[in-house]
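The values are calculated or read from the model by the stated rules, or taken from the named source; none is laboratory data. Quantities reported herein were computed from a predicted structural model and do not represent experimental measurements. Here the Cβ is made from the backbone with ideal geometry for all residues, glycine too, and neighbour counts use every protein chain on show. Ligands, DNA and RNA are stripped out before the accessible areas are found, and what is left, the full protein with its side chains, is counted by its heavy atoms. Shrake-Rupley method; radii C 1.70, N 1.55, O 1.52, S 1.80 Å.
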Amino acid sequence: MTVSNPQISRLLDQEYSAGFVTDIDADSVPPGLSEEVIRFISAKKQEPQFLLDWRLKAYRHWLSMPVPQWSSVHYPPIDYNAISYYSSPKSRGQAPASLEEVDPKLLDTYAKLGIPLAEQKQLAGVAVDAVFDSVSVATTFKDTLAEHGIIFCSFSEAVREHPDLVQQYLGSVVPPTDNFYASLNSAVFSDGSFVYVPKGVRCPMELSTYFRINAANTGQFERTLIIAEEGSYVSYLEGCTAPMRDENQLHAAVVELVALQDAQIRYSTVQNWYPGDSQGHGGIYNFVTKRGACRGDNAHISWTQVETGSAITWKYPSVILEGDNAVGEFYSVAMTNNYQQADTGTKMIHLGKNTRSTIISKGISARQGRNAYRGLVKVLKGAEGARNYTQCDSLLIGDRCGAHTFPYIEVKNPTARVEHEASTSRIGEEQLFYCQQRGLSAEDAVTLIVNGFCKQVFNELPMEFAVEAQKLLGINLEGVVG
Amino acid sequence: MNTLLRIKNLHVSVEGKAILHGIDLSINAGEVHAIMGPNGSGKSTFAQVLAGREQFEVLQGSIHYAGENLLTLSPEKRARAGIFLAFQYPVEIPGVSNVYLLKTALNAIRKQRGEAELDAMDFLERVKQHTAMMQMDEELLYRSVNAGFSGGEKKRNEILQLLMLEPRLAILDETDSGLDIDALQVVANGVNSLRDDTRAFLLVTHYQRLLDYIRPDFVHVLAAGRLVKSGGPELALELEQRGYSWLKEAAVAATP
Ligand SMILES: Nc1ncnc2c1ncn2[C@@H]1O[C@H](COP(=O)(O)OP(=O)(O)O)[C@@H](O)[C@H]1O
Ligand SMILES: [Mg+2]
């Protein structure tokens, strides 16, 4: 069947509801990338010398790197000198000491996005760090967390207040020379979130960062670093949106996770960057490097992502399983509608004995959407008894979309067990008619079918966010079903 | 008599090909009608047109259901108004649990009737009761809709849905095909349990044997897109003896 079913087309045409622009004075550097710009950013943030040196080293390395060509996404060459690498809302200086100092327009922006920052209105049990363009504008529940010795703040603040921790861990999982976009990020990153959970502490609430791109022609290059000391636990969630614009905007983030012995980090993403219009104009290029290291026995890292936005999504949240019995998990829903492209997956690198990894990937493509799963499972020599289970499912809506899976498996230890399952199915007119004949609207039928498809992944999200993710998917489906 | 369905001069085509050439049929509440006919004569087309499948184009004629023009209603509105189709080939829906679809469907239909959603306990009790009646394994409730069901399980599942949704007009498209005698009896019991003077049934079947268990009030023969003969239950017996060819020839001769 085709997307000619008018009900399905209507569903697929849902508007992007986070596409407004906040009219606010911003402090921006003119477009262009040079050592001078990097020095400017570093100075603006009053960074210590080690960090400026680190940035410059990354930049010089980046200059020598070719643009990667190996993924299955297509986009015109990016002019890195046409991007502005720093934009900060003017009304706040270095960091607002309290919410009262935050520009009301910014608070309004987040309220409109459903993220109230005023403490009395906040989601109970969720602390939020709000990043607007290049800077963090507010972090909530800091004091409550501090009582447990947990540090949750903007990256800039961490650099000022906890430089030793930053210096110890920054780049220890994703080196500044790692890949083209990670190097670019290392050179110019502006802000992001920092989390430190001390030994034996179970973080009493969900931590979340909400990223918002507002300014035109800027890139967003945030950097997140999460350190879970021995025996600690933290669950972290990030959400993202951007205004609707005709130009493409670059978002090249780096996330590093470090879980020490017996520690667990759950990292969830609900990514709803502007996907571009139905003709494929505009949208965010979401080129992100995310990696976690299980740096101790029994350490556990799970990535859960729901990727509904962006013109192009290109990311492989990975886990390096160094300690014995370490566990790595990757649960992903990636949805592409219209001309969106996604090339996403994970890498599970087994070093320790009896390390285990699970990969559940659900790709949904509608209209002309392109979706690729690309995953690497690598078991090194010493990883006695390592196990991996991979399941990759693709759901097609309409007959012009595409799904591909590229599983790479490298096993160097004969005791390892690696299993891979894959399936592709299509929402058909028959399925829709069947549901409609049972009294469901076409819209509800599609949502039902898609949610059924994604259930395994949604189950991994904290409750509030699972609901949010379902809603987002429902919205993004409007106009996709065919 | 209370006319539930009134079809006049119905002409239907699919992909530009004319399939039904002027069907006239009235069904009153309380009645059971059987439609028999050779393969490809248009029985499933007829059933699906009643349920509102878009790919079948109504070229001419009218269908009124409970006094309302059915042709202007979407499939889901027809379903909510009490029309149920047990599919000849029920489709699989991976990932959607059978019981969840059932609950969503029931609530959509109850909402239309102005009834509150059933609470989880009442719902479960009812599902279990009907599952037992259909002699289905409860495990099938928690599997994905029709996924990996055997042919017989799919058909029983259709009747389970029928029992839960309590339609006013139930259309069964060859629900009996592929069932053994025991299963046939189970299906027939399910259908008979719903029979009352407010509901009507339209049974599409190839075989007389279903009609041994669900006794029809009327039997119609559909051949080459026309109802070429109507009668009482004895017509089914006659067809069993003589086949369709004597009727088919008449139909072909009548086709312009
Ligand atoms: N979707 C379709 N596209 C093209 N032809 C169809 C389609 N559905 C049914 N037909 C044709 O319509 C005729 C009647 O089919 P059908 O209603 O399924 O008959 P029956 O149920 O009596 O066996 C057949 O010739 C069949 O090939
Ligand atoms: Mg048929």
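What do you reckon, is B:His33 modelled with pLDDT of 95 or more, on the phi < 0 side of the Ramachandran plot and either touching an Asp or Glu at 6+ places or on another chain (Cβ under 8 Å) or of a type in the set (A, V, I, L, M) (or both)? If you could, list the steps in order and put the result at the bottom.
Details: modelled with pLDDT of 95 or more: yes; on the phi < 0 side of the Ramachandran plot: yes; either touching an Asp or Glu at 6+ places or on another chain (Cβ under 8 Å) or of a type in the set (A, V, I, L, M) (or both): yes.
So B:His33 fits the description; yes.
Tell me the residue from B:Ala47, B:Ala51 that is open to solvent by less than 10 Å² (accessible area, probe 1.4 Å), within 16 Å of ligand 2 (Cβ to nearest atom) and over 27 Å from A:Leu396 (Cβ atoms), please. Give the steps one after another, and end with the answer.
Values: B:Ala51 fails: over 27 Å from A:Leu396 (Cβ atoms).
The unique qualifying residue is B:Ala47.
Select from the stretch B:61-117 the residues that are farther than 26 Å from A:Arg426 by Cα and open to solvent by less than 20 Å² (accessible area, probe 1.4 Å) and write down the one among them that is nearest to the other protein chains (Cβ to nearest Cβ).
Top of the filtered list is B:Ile109.
Select, from A:Ile213, A:Ile265, the only residue that is modelled with pLDDT of 75 or more and open to solvent by less than 10 Å² (accessible area, probe 1.4 Å). Working first, answer last.
Working: A:Ile213 fails: modelled with pLDDT of 75 or more.
A:Ile265 is the lone residue from the list that is modelled with pLDDT of 75 or more and open to solvent by less than 10 Å² (accessible area, probe 1.4 Å).
Would you be able to tell me the number of residues in the stretch A:425-439 that are at pLDDT 85 or above and over 18 Å from A:Leu473 (Cα atoms)?
So in the stretch A:425-439, the residues at pLDDT 85 or above come out as A:430-439.
With the extra rule that they be over 18 Å from A:Leu473 (Cα atoms), the set shrinks to A:430-431, A:433-439.
Within the stretch A:425-439, residues that are at pLDDT 85 or above and over 18 Å from A:Leu473 (Cα atoms) number 9.
Search the stretch A:436-456 for residues being more than 7 Å from every other protein chain (Cβ to nearest Cβ) and open to solvent by less than 20 Å² (accessible area, probe 1.4 Å), and hand back the single one that is farthest from A:Tyr331 (Cα to Cα).
Once the filter is applied, the top-ranked residue is A:Ala442.
Of these, B:Glu174, B:Glu158, which one is in contact with a His (Cβ under 8 Å, 6 or more places away or on another chain) and either within 16 Å of ligand 1 (Cβ to nearest atom) or in contact (Cβ under 8 Å) with a residue 12 or more places away in the chain (or both)?
Values: B:Glu158 fails: in contact with a His (Cβ under 8 Å, 6 or more places away or on another chain).
Exactly one residue qualifies, and that residue is B:Glu174.
Is it fair to say B:Glu153 is in a loop (DSSP other than H, G, I, E, B), away from ligand 1 (no atom under 16 Å from the Cβ) and of a type outside the set (A, V, I, L, M)?
no
From the residues in the stretch B:118-150 that are assigned to a helix (DSSP H, G or I) and small (Gly, Ala, Ser), which one is farthest from the other protein chains (Cβ to nearest Cβ)?
Within the stretch B:118-150, the first condition is being assigned to a helix (DSSP H, G or I), and the residues that meet it are B:120-133, B:138-142.
Within this subset, residues satisfying the condition of being small (Gly, Ala, Ser) are B:120, B:132.
Details: B:Ala120: 18, B:Ala132: 21 Å.
Only one residue fits best here, namely B:Ala132.
If you check B:Asp212 against the conditions, is it surrounded by fewer than 14 Cβ atoms within 10 Å (Cβ to Cβ), away from ligand 1 (no atom under 16 Å from the Cβ) and either farther than 13 Å from B:Leu162 by Cα or away from chain A (no Cβ under 14 Å) (or both)? Steps first, please.
On the way: surrounded by fewer than 14 Cβ atoms within 10 Å (Cβ to Cβ): no; away from ligand 1 (no atom under 16 Å from the Cβ): yes; either farther than 13 Å from B:Leu162 by Cα or away from chain A (no Cβ under 14 Å) (or both): yes.
No.
Is it the case that the stretch B:53-63 has a residue that's over 30 Å from B:Leu247 (Cβ atoms) and within 16 Å of ligand 1 (Cβ to nearest atom)?
Keep residues of the stretch B:53-63 that are over 30 Å from B:Leu247 (Cβ atoms), which gives B:54.
With the extra rule that they be within 16 Å of ligand 1 (Cβ to nearest atom), the set shrinks to B:54.
Checked against the condition, which is being over 30 Å from B:Leu247 (Cβ atoms) and within 16 Å of ligand 1 (Cβ to nearest atom), the stretch B:53-63 yields at least one hit.
Only one of (1) over 15 Å from A:Ala366 (Cα atoms); (2) surrounded by 16 or more Cβ atoms within 10 Å (Cβ to Cβ) is not met by A:Ser423, so which one is it?
Of everything listed in (1) over 15 Å from A:Ala366 (Cα atoms); (2) surrounded by 16 or more Cβ atoms within 10 Å (Cβ to Cβ), A:Ser423 misses just condition (2).
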